[in-house]
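Before any comments, here is the structure.
The values are calculated or read from the model by the stated rules, or taken from the named source; none is laboratory data. These numbers come from a predicted model, not from an experiment. Cβ placement follows ideal geometry from the backbone for every residue including glycine, while neighbour counts extend to all protein chains displayed. Protein only, heavy atoms only, side chains kept; ligands, DNA and RNA dropped before computing areas. Shrake-Rupley method; radii C 1.70, N 1.55, O 1.52, S 1.80 Å.
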Protein chains: 2
Amino acid sequence: MTAATEAGLSTLGEQEVEDLAVGCTVLAGGGGGDPRVGLMMTLSAVRELGPADVIRLDDLAEDDYLFAAGMIGAPTVMMEKIPSGREGAVIKETIEANSGRKVAAMMPLEMGGINGLLPIAWAIRARLPLIDGDLMGRAFPEIQMCTPHLYDMPAWPCVLVDERSQAITFEPVGNVWLERLARNAVSVLGGCACSGLYPMTVARARQPVIAGTVSNAVRVGRALREARNDPFAALAGVLDTYPLMTGKVVEVERRTAGGFVRGGAVIEGTDQDAGRLVRIEFQNENLVAIEDGEALATVPDIITLLDRHTARGIVTEHIRYGQRVVVTVFPAPEQWRTPRGLEVVGPRAFGYDIDFVPVEEQHAQAR
Amino acid sequence: MTAATEAGLSTLGEQEVEDLAVGCTVLAGGGGGDPRVGLMMTLSAVRELGPADVIRLDDLAEDDYLFAAGMIGAPTVMMEKIPSGREGAVIKETIEANSGRKVAAMMPLEMGGINGLLPIAWAIRARLPLIDGDLMGRAFPEIQMCTPHLYDMPAWPCVLVDERSQAITFEPVGNVWLERLARNAVSVLGGCACSGLYPMTVARARQPVIAGTVSNAVRVGRALREARNDPFAALAGVLDTYPLMTGKVVEVERRTAGGFVRGGAVIEGTDQDAGRLVRIEFQNENLVAIEDGEALATVPDIITLLDRHTARGIVTEHIRYGQRVVVTVFPAPEQWRTPRGLEVVGPRAFGYDIDFVPVEEQHAQAR
């Protein structure tokens, strides 16, 4: 991802939030859920209580306590079972009650889809500043697929809160156990719930936090908004962009079970790509793009279907027959491309017996 | 149940624990699980750390804090997935950490099966006195089927702990929600786990606690141990006993799913009962005894299959073809026979469209 050429944001007002929603669809790799509900909730919070304060880790003391937050569950459910808005406050209170420490700030768990937006609304309503950063640098489907896990940092105590303000606190023996327990609880709660996890001090947060991702997403959304003729050129101006194929969606199948949306889509090449056929497979997020039995791109790189005309991202639950798309890839944050990162979120972590090849080694970058 | 004719216990040593194990099989209504594992763990704790201290609510201050504990899950799993013994201590620490209060004592959740024993072991290892009483007066399969629920008292904060010392704390909106969430978590943890629930002050505990049930169970076990020729006569000397039929088990089917053991058994009458056929249906505990399409007895009364020769109880997961049994019923504690009690644990709560008839109105008591 290109280095930030401007200072990060210090507030998120209505315009920034709208830009953020667009940026989140591009950066989520198809996942994270349709940001629409999160966008409405965040705009509502901004109008009621004012913009979100955005800070950096350096703005806090080393032993200040913070947590990451996001919804866990199937994005198809997230579009219908709407959060109450109180979840961030309940998470904060529960973490404070359990730990005996005051919470100083919060951050998004992942920068993608609805989870790039909801934590903003929660931060505003819980009166907490929002850290410009997250723990994935994109969206991923499972709880242990966060950067702290690479350094054996625990995701717990982890708090799950639903729209009824029911709270469940988990203290498992490991992050994979937490994923299993929390995912199951999410199913019982109706298919999605809100989580506060990876509570940690600022000192411990420095290594895992991927800084600047909120600002980046706003920057992407603004670039697309301000683009006159060529949104793809505008996008390439703010992100390292690798378009793989232009085409039309000719097939899509999804099944929602166990807190995930699994399935695939087939895109038939058009224009200069006529005759080509690419299959995308997803588990909430897009995992692989395959052509003629070979992987064009895989996790952890960010594979997104962008609308051919607007360059906005299409989340997996909105893929449908006839959509005109550009299959596009963005490089994953470096932490995920390490050997340990690939153990956690590489193709084999998802059951594909494929070696990861960085997108820039296989394809040409858009200029 | 006959009134206690002697003062309650003040300690539980090895002999009392062995008698308690026998008494628990009689009083559990077929449920609560085979006490064998609980018995071994408790004897081990007594030998290592000394007898359990047994107290009454009156021995505590009104604002002293206490909780009830027991295993939740399928008894078939409880026989194999053995607790670590540390669970009581982890529950105590978690409740203290979450509530900010010291715990003064604990009690069994239910007086039956393994759950009449395990809390003794936990109390000894957690260095807590054990209250002579419980919250069911027998065994029942679901969390809301406890006396506090009759008075709208919350079972939460509820802590679930497994043998790996993983802990989950639930703060739901109601006891039925808690049953659903905890039961599901128990399945993910492997089929059974240990729970601490209904934390409350002594002042609040007075109404729901069914006092003296630990002493009663010890008394029943001792009566059977000391019986010379006729254990059934010995039993009738300490409990209001209603034998319904003597017979042989000719059929049993069980299925373990969703944290319960469901099924039924058919007993063919022998001796003076030749020609009769009685069917028992169970969900962990025995729910109904049916003959010729009519209910002989139902929950909340305690329906137990007693071994024909020893009068010891047979838990549902040990019922097998050929066993010689006496289908026996004991009256339920009065709290369960109230209209509110019947809503929670009467036949209709388990899906049977049957009116509850107290056993003493239908059958003759053993003398």
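Here are a few things to note about the model shown:
- For the protein assembly as shown, the dipole from Cβ point charges (+1 on Lys and Arg, -1 on Asp and Glu) about the Cα centre works out to 40 debye, to the nearest 20.
- Based on the Stokes-Einstein relation at 10 °C and a viscosity of 1.306 mPa s, and on the Kirkwood radius from alpha carbon pairs, the protein assembly as shown is assigned a translational diffusion coefficient of 57 µm²/s.
- Label point distance in nm, B:Ser99-A:Leu277, each placed 7 Å from Cα along Cα→Cβ: 6.4 nm
- About its Cα centre, chain A has a charge dipole of approximately 700 debye under the convention of +1 per Lys or Arg Cβ and -1 per Asp or Glu Cβ, with nothing else charged.
- Ligands, DNA and RNA excluded, the heavy atoms of B:Arg262 present near 90 Å² of accessible surface to a 1.4 Å solvent probe.
- Sequence of B:Asp353, A:Asp301 when ordered by accessible area, the most exposed leading, probe 1.4 angstrom: B:Asp353, A:Asp301
- Label-to-label distance for A:Tyr321 and B:Arg225 is 7.5 nm, based on points extended 7 Å past Cα in the beta-carbon direction.
- Ligands, DNA and RNA excluded, the heavy atoms of A:Phe140 present near 10 Å² of accessible surface to a 1.4 Å solvent probe.
- Panel note: the C-alpha atoms of segment B:71-121, placed on their principal axes, show extents of 36, 20, 16 Å (largest first).
- Across segment A:288-316, the residues whose backbone nitrogen lies under 18 Å from the label position 7 Å along the beta-carbon direction of A:Arg254 are A:288, A:303-308, A:312-316.
- Note on exposure: A:Ser84, B:Ser195 ranked by accessible area (1.4 Å probe, complete protein assembly) read A:Ser84, B:Ser195, with the most exposed listed first.
- Helix B:14-27 axis versus longest C-alpha principal axis of chain B: approximately 50°, rounded to the nearest ten.
- Number of partner chain Cβ atoms within 10 Å, mean per residue of B:166-179: 5
- Those lysines that a straight Cα-Cα span of less than 19 Å connects to A:Lys92, excepting residues fewer than 8 apart in one chain: A:Lys102
- Peptides B:240-250, B:49-59 ordered by packing proxy, namely the average of other Cβ atoms within 10 Å per residue, highest first: B:240-250, B:49-59.
- Accessible surface, 1.4 Å probe, highest first, among residues A:Arg36, A:Arg101, A:Arg276: A:Arg36, A:Arg101, A:Arg276
- Taking every DSSP bridge with both residues inside chain A, close to 90 percent are antiparallel.
- In nanometers and ordered shortest first, the copy-to-copy spacing of the B:Glu334 label point, defined 7 Å from Cα toward Cβ, is 7.6.
- Degrees separating the helix A:87-99 axis from the principal Cα axis of chain A, which is the longest one: 50 degrees
- Nearest residue to the symmetry axis between A and B, taken on chain A by its Cβ, in whole Å: A:Thr169, 2
- Peptide B:153-165 has a mean shielding of 2, counted as Cβ atoms of other protein chains within 10 Å of each residue's Cβ.
- Working from label points 7 Å from Cα in the Cα-to-Cβ sense, the B:Asp355 to A:Arg206 distance is 7.6 nm.
- Counting only other chain Cβ atoms within 10 Å of each residue's Cβ, the peptide A:182-188 averages 4.
- Taking the helices alone, the protein assembly as shown has a mean residue ellipticity at 222 nm of -8500 deg cm²/dmol, built from -39,500 (n - 2.57) per DSSP H run of at least 4 residues and averaged over all its residues.
- P(r) weight above 27 Å for segment A:11-213, C-alpha pairs, percent: 18 percent
- Of all DSSP beta bridges confined to the protein assembly as shown, the antiparallel ones make up roughly 90%.
- Neighbourhood net charge (11 Å Cβ-Cβ; Lys/Arg +1, Asp/Glu -1) for A:Met71: -3
- Charge-dipole axis of chain B as Lys and Arg at +1 and Asp and Glu at -1 on Cβ define it, positive-most pick from B:Gly293, B:Gly269, B:Val325: B:Val325
- Neighbourhood net charge (12 Å Cβ-Cβ; Lys/Arg +1, Asp/Glu -1) for A:Thr11: -4
- This model, with +1 at the C-beta of Lys and Arg and -1 at the C-beta of Asp and Glu, gives segment B:263-367 a dipole about its Cα centre of some 340 debye.
- Taking Lys and Arg as +1 and Asp and Glu as -1, the other residues whose beta-carbon sits under 12 Å from that of B:His309 total +1.
- Normalising by residue count, chain A has a Cα convex hull of 121 Å³ per residue.
- DSSP bridge pairs, segment B:11-213: antiparallel proportion in percent, nearest 5: 70 percent
- Per residue accessible area in Å² of the protein assembly as shown, where ligands, DNA and RNA are left out and the probe is 1.4 Å: 36 Å²
- Cα lying deepest toward the dipole's positive end in chain A, options A:Ile210, A:Val188, A:Asn115, charges on Cβ: A:Val188
- Helix A:213-226 vs. chain A, principal-axis angle (Cα, 0 to 90°, nearest 10): 50 degrees
- Measuring with a 1.4 angstrom probe and ignoring ligands and nucleic acids, B:Arg219 comes out at about 30 Å² accessible.
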